[in-house]
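The values are calculated or read from the model by the stated rules, or taken from the named source; none is laboratory data. It should be emphasised that the depicted structure is a prediction, and the values quoted were computed from it without experimental measurement. Don't worry about glycine lacking a Cβ; one is built from the backbone with ideal geometry, like all the others, and counts go over all protein chains shown.
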Amino acid sequence: MSRVSSDERSGWLFVLPFTISMTLFFIYAIVRTAYYSFTEYDLFTAPSFVGLSNYTTLVSDELFLIALRNTIGFSLIVTTVQTVLALALAVLVNHAVRVRGLVRTVFYLPSIMSSAAMTLIFLWLFQRDGFMTAIVSTVLAYRRHMLLFFVGMAALQGALVLNARRSYEGISIFDPFFLLAAAFGALALVVACALAGLLPVFDNDLLISWLNTQRHFLFMPVTLWSVALMNIFTTVPTLMLLFLAGLQSIPSALYDAAEIDGANAFQRFRHITVPALRPVTFAVVTMGVIGTLQMFDQVAILGDAAPLASRVTLAYYVYESAFPAGASSRIGMASAAALVLGILTIAVVYAQKSVGVKERAE
């Protein structure tokens, strides 16, 4: 009996630090935030109870509704894109047997850099006359050249595949004739430039406002699209490692059996890889949803480089309400918005668990 009691005491001692931190920094903080959400409080005077006034004010606050729309759109886009890219990169790295270590290192480097440093780098890239504008200018200048190249390559690829199918069965449109097709596309481009005089249409005065703008693309501000690109660039490597670990846990015998049965690469990926990776995909999507719904640091570092309405998210709205520039703190509003963000995060994760990616592999 004393032995059992001793083991129990040892167990409680091990979990005591986590229990204390959990109580102080989570449970107490949530209860305190819930209390402040029903009060009017500015950090200097005693809080006064106002009931549901903060929540009704949130519903009528245009900036809060913009932040809510931006947050949901940002989370949907970034989570989807980074999950797909992470899986694609994991499959690529898993097949790169000889240089797997080097490829892992190169792909993982962006995730170990400071978020603040990456944001400053992207601020430089997205200047009106910066690197991204230069890329767009080059594409616009040589768009006819690129179109002609790809049309010529696709035409020869199709012709080679059709000719091969006359002699062999099972030839796919993606079978490896690409080097010859690319050479033909390049030749067609050179001939066309020599005969038709295709000249660049480069515009030296082209300036694109990537950040300091209130324009929208689809249902999200252009500024947040730029932030989304930065977030994807820094997050995908970590998620790639999770997928890579899942890929290496799939028995190779499953692929061998499917290949013997005549399944091609896409069929093996669809019917073996994707179902087997469902637990990893569930974890990746859940982490992505939580991270994107609570995205704050990159938006905060942007500062005055972009208008508030075009970059505000729910997490930044909470910060802006609690510590507004040149105004009194609105702790009650910030607490109410923080609870809305927490409830939204829990609801989305639960919905993803219930109707989205399943936790168990097939």
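Please work out if Ser114 is exposed (fewer than 13 other Cβ atoms within 10 Å of the Cβ), polar (S, T, N, Q) and not assigned by TED's automatic domain parsing to the domain that holds Thr292. Spelling it out, it is not the case that Ser114 is exposed (fewer than 13 other Cβ atoms within 10 Å of the Cβ), polar (S, T, N, Q) and not assigned by TED's automatic domain parsing to the domain that holds Thr292.
The residue that is farthest from Leu224 (Cα to Cα), among those in the stretch 84-93 that are in contact (Cβ under 8 Å) with a residue 40 or more places away in the chain and surrounded by fewer than 20 Cβ atoms within 10 Å (Cβ to Cβ), is Val91.
Pro324 satisfies every condition listed in (1) without any contact (Cβ under 8 Å) to a residue 12 or more places away in the chain; (2) in a helix (DSSP H, G or I) except (2). For the stretch 158-177, the set of residues classified as under 34 Å from the mean Cα position of the chain (by Cα) and either under 28 Å from Trp210 (Cα atoms) or modelled with pLDDT of 75 or more (or both) is empty.
Please work out which residue is modelled with the highest pLDDT, limiting yourself to the stretch 324-339 and to residues that are surrounded by fewer than 20 Cβ atoms within 10 Å (Cβ to Cβ) and touching a Leu at 6+ places or on another chain (Cβ under 9 Å).
Looking only at the stretch 324-339, we keep the residues that are surrounded by fewer than 20 Cβ atoms within 10 Å (Cβ to Cβ), and these are 324-329, 339.
From what's left, touching a Leu at 6+ places or on another chain (Cβ under 9 Å): 328-329.
Details: Ser328: 83, Ser329: 86.
Step by step, filter the stretch 324-339, then rank; the result is Ser329.
Listed by first and then second residue, the pairs with beta-carbon distance under 6 Å, at least 6 apart or on different chains, first residue in the stretch 42-66 and not assigned by TED's automatic domain parsing to the domain that holds Ala309 and of a type in the set (D, E, K, R), second surrounded by 15 or more Cβ atoms within 10 Å (Cβ to Cβ) and not in a strand (DSSP E or B), are Asp42/Ser329.
Quick test for you: out of Leu24, Leu43, pick the one residue that is over 30 Å from Thr234 (Cα atoms), outside any helix (DSSP H, G or I), at pLDDT below 85 and of a type in the set (A, V, I, L, M).
Exactly one residue qualifies, and that residue is Leu43.
Going through the stretch 235-257 one residue at a time, which ones are buried (at least 16 other Cβ atoms within 10 Å of the Cβ) and either under 19 Å from Pro275 (Cβ atoms) or modelled with pLDDT under 85 (or both)?
Leu239, Leu242, Phe243, Leu244, Gly246, Leu247, Ile250, Tyr255
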